[in-house]
Amino acid sequence: MGKRAYSPKEVIARTYRKLPWEDPWRTAFGEVPDNELFFISGSSASGKSSFVMQLARELTNYGSILYCSYEEGISESFKQRLLRERMNERQGRFRVITEDTFEELEERLAKPKSAKFVIIDSFQESGFTYRQIMDLRERFPRKGIIVISQEHKGEPSGKPAGRLKYKAGVKIRVVGYKAFCQGRFTENSGSFYTIWEDGVISTTNELNNSKTEGNEAGDK
């Protein structure tokens, strides 16, 4: 027997619970279902880690979070981001793990009152496969899953990560302390969320200076 085919009426009749966030989140990323798959990438020192923590703080308004810190563990820099974003104020809605295997993570998420949102940081360091992330989506369809990816030459590191990016409804790339939306829920082409204003200014100045120096070199 073949798989079911859906009529336009059946598809349109479906409803999705949206994240009730407001600006600047809504403007940058649109009206996102609260069980969506996020894919966040960016190079080192781009502001990616700070953005993820800011996103985590925002999401604690809508449910509890399990942060899988596979890449960084609970290092000093991780601690400083917690302090900067005042995550101690979200004590009952934010938990961090560092060593769960995929099976242990599944077991944890299957428990009553488990986290609404799961942040996997990073996909490469977790050792999880593309199929395992899809299995999480299928087994826990009401949870939002946020996957963080390393980059190589401006692209997600490894083919599985690239494949996962295309599956995600919310694709975000962090560059120069701006989080650019490449997802499906906003019509604002090129929209972005500012992570750190001073960082944006500093990065812009550096780029402008580089261009000026390049032009001067060309004039000589």
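The values are calculated or read from the model by the stated rules, or taken from the named source; none is laboratory data. Since this is a predicted model, take the numbers as computed values, not measurements. Note that we place each Cβ from the backbone using ideal geometry, even for glycine, and neighbour counts take in every protein chain shown. For accessibility, only protein heavy atoms count, side chains too; no ligands or nucleic acids. Shrake-Rupley method; radii C 1.70, N 1.55, O 1.52, S 1.80 Å.
Rounded, prolate or oblate: which fits segment 51-97 when a ≥ b ≥ c are the square roots of the eigenvalues of the alpha-carbon gyration tensor, with rounded for a/c under 1.5 and prolate only if a/b beats b/c? Please report the intermediate quantities before stating the final value.
Working: a/c = 1.74, a/b = 1.37, b/c = 1.27.
In terms of gyration-tensor shape, prolate.
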How far apart, in nm, are two points set 7 Å out from the Cα along the Cα-to-Cβ line at residue 131 and at residue 110?
1.9 nm
When the chain is treated as a GNM, springs tying every alpha-carbon pair under 10 Å, which of 126, 75, 114 comes out with the largest mean-square fluctuation?
75
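Please check the chain for the longest run free of chymotrypsin sites (Phe, Trp or Tyr not before Pro) that are loop-located per DSSP (anything but H, G, I, E, B) and have at most 12 other Cβ atoms within 10 Å. Show your work: numbers first, answer last.
Details: sites that count: 6, 16.
No qualifying site falls inside 17-220, the longest such stretch.
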Out of 145, 65, 97, any idea which swings most in a Gaussian network model of the chain, alpha carbons joined below 10 Å?
97
Measuring from label point to label point, each 7 Å out along Cα→Cβ, what is the residue 23 to residue 96 span in nm?
3.4 nm
Quick one: Debye curve from the alpha-carbon atoms of segment 14-137 only, equal weights, vacuum; give me log10 I(q)/I(0) at q = 0.10, 0.11, 0.21 Å⁻¹ to two decimals.
-0.32, -0.38, -1.53
Most mobile of 169, 190, 30 in a GNM of the chain (Cα contacts under 10 Å)
190
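On full extension of the chain, what length is gained from residue 43 through residue 155, given 0.36 nm per residue of separation minus the C-alpha to C-alpha distance?
Numbers: separation 112, 0.36 × 112 = 40.32 nm, distance 0.90 nm.
In short, 39.4 nm is gained.
Let me know the longest stretch in the chain that avoids all GluC sites (Glu not before Pro) found in a DSSP loop with at most 12 other C-beta atoms within 10 Å. Spell out each step's value before the answer.
On the way: sites that count: 22, 31, 99, 187.
Here the longest segment lacking exposed loop sites spans 100-186.
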In the chain the DSSP beta bridges are antiparallel at a rate, in percent to nearest 5, of 30 percent
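Over segment 38-150, with the other protein chains present, what is the accessible area per residue in square angstrom, probe 1.4 angstrom?
Details: 5260 Å² over 113 residues.
In whole numbers, segment 38-150 has 47 Å² accessible per residue.
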Kindly write out, for segment 95-107 in residue order, the coupling ³J(HN,Hα) from the Karplus curve 6.51 cos²θ - 1.76 cosθ + 1.60 (θ = phi - 60°), rounded to whole Hz, with x marking Gly and Pro.
10, 10, 10, 10, 9, 4, 6, 4, 5, 5, 5, 4, 4
